[in-house]
Amino acid sequence: MKFPGSFARFVWLAICVVALIGALRGYQGESDWKMEEGLAFEMLVLGFPVSLLVVLGFMAVGFLLQQFGISLPASSRAEMITTWLIFVMAGCIQWFFALPYVIRRWHNSLNS
């Protein structure tokens with residue numbers, strides 16, 4: 001049972017890294033929304049449904065910062081990597097910690 005889980009983690013993380021590398025290689029400059037939105041969409045799919053909460057979190061932070069006259073960081077490679085990392089962390093928590101926990105709990109409740 002350990003090998004399939006480790007393999008799934010490796011494959012999922014590899015797909016995430018490939019998405020990041022592709023976006024960084026295609027990045028054209030300071031305001032390349034095409035690459036950034038493409039990467040965000042890929043990460044939205046890879047981390048669904050928790051990725052929707054990440055997007056809502058970004059929107060809430062942007063709204064709160066706007067109330068104080070501050071904006072989110074400008075478009076850059078560093079901003080893309082940071083955003084990607086947040087999506088990856090949320091996806092890892094969802095797929096490799098929360099979901100197995102829920103499955104174990106459900107399985108144990110059926111056997112009780």
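The values are calculated or read from the model by the stated rules, or taken from the named source; none is laboratory data. What you see is a predicted model; the values in this text were computed from it and never measured. For neighbour counting, all protein chains shown are included, and Cβ atoms are generated from backbone atoms with ideal geometry for every residue, glycine included.
If I go through segment 71-87 residue by residue, how many of them are in contact with a helix residue (DSSP H, G or I) (Cβ under 9 Å, 6 or more places away or on another chain), loosely packed, with under 12 Cβ neighbours inside 10 Å and among the aliphatic types (A, V, I, L, M)?
So the answer is 0.
Do we find a residue being loosely packed, with under 13 Cβ neighbours inside 10 Å and in a loop (DSSP other than H, G, I, E, B) anywhere in segment 93-105?
No, there is no match, as no residue in segment 93-105 is loosely packed, with under 13 Cβ neighbours inside 10 Å and in a loop (DSSP other than H, G, I, E, B).
Of a type in the set (S, T, N, Q) and surrounded by fewer than 12 Cβ atoms within 10 Å (Cβ to Cβ), is that true of Gln28?
yes
Anything in segment 1-46 that is assigned to a loop (DSSP other than H, G, I, E, B) and out of contact with any helix residue (DSSP H, G or I) (no Cβ under 9 Å at 6 or more places or on another chain)? List them, or say none.
Matches in segment 1-46: Met1, Gly29, Glu30, Ser31.
Between a first residue in segment 1-14 that is in contact (Cβ under 8 Å) with a residue 12 or more places away in the chain and a second residue that is in a helix (DSSP H, G or I) and surrounded by 12 or more Cβ atoms within 10 Å (Cβ to Cβ), which pairs have beta carbons less than 6 Å apart while being 6 or more apart in sequence or on different chains?
Arg9/Phe96
Counting just the residues of segment 47-77 that are within 14 Å of Met89 (Cα to Cα) and part of a loop (DSSP other than H, G, I, E, B), which one comes out farthest from the chain's Cα centre (by Cα)?
So the residue we want is Pro49.
Would a scan of segment 83-101 turn up a residue that is at pLDDT 90 or above, over 10 Å from the mean Cα position of the chain (by Cα) and over 30 Å from Lys2 (Cα atoms)?
No, that holds for no residue.
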